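The values are calculated or read from the model by the stated rules, or taken from the named source; none is laboratory data. Being a predicted model, the structure only gives us computed values, none of them experimental. All Cβ positions, glycine included, derive from the backbone under ideal geometry; neighbour counts span all protein chains shown. Surface accessibility is based on the protein's heavy atoms, side chains included, excluding ligands, DNA and RNA. Shrake-Rupley method; radii C 1.70, N 1.55, O 1.52, S 1.80 Å.
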Amino acid sequence: MKEGMELTEIIKELLAEVMGDDAQPGSWNDDTDIINDIGIDSLQIVRFMLALEDRLGISLDYEDLSFDDFSSISRLAEYIEKQTDR
């Protein structure tokens, strides 16, 4: 993880990369719903999660992951922290 960079900021950065031209990260905050507000689709979710694992050097338990974990950027950060004991 980049020194001093919050997990929520890393999530936003990677979401913007995955969403490409459709991204509007300036309008996102920690409460932004990843599925409904950002509009990420299933293929983009897979690419995003793989990018997160790669960036953070972690492996996530996908069987424990639910759509509720994408209800906000901060909720996804909490899920990742719980999974990785960060």
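Would you call I34 modelled with pLDDT under 95, open to solvent by less than 30 Å² (accessible area, probe 1.4 Å) and not in a helix (DSSP H, G or I)? So I34 does not fit the description; no.
Look at the range 39-60 and say how many of its residues are assigned to a loop (DSSP other than H, G, I, E, B) and under 17 Å from L7 (Cβ atoms). Don't jump to the end; show me each part of the working.
Keep residues of the range 39-60 that are assigned to a loop (DSSP other than H, G, I, E, B), which gives 39-41, 57-60.
Filter again for under 17 Å from L7 (Cβ atoms), leaving 57-60.
Residues in the range 39-60 being assigned to a loop (DSSP other than H, G, I, E, B) and under 17 Å from L7 (Cβ atoms): 4 in total.
Residues in the range 70-79 that are open to solvent by less than 20 Å² (accessible area, probe 1.4 Å) and either charged (D, E, K, R) or closer than 20 Å to P25 by Cα (or both): F70, S72, I73, L76, A77. Residues of the range 53-69 that are in contact (Cβ under 8 Å) with a residue 24 or more places away in the chain and open to solvent by 90 Å² or more (accessible area, probe 1.4 Å): F67 alone. For the range 14-31, the count of residues that are of a type in the set (D, E, K, R), surrounded by 11 or more Cβ atoms within 10 Å (Cβ to Cβ) and touching a Ser or Thr at 6+ places or on another chain (Cβ under 8 Å) is at least one.
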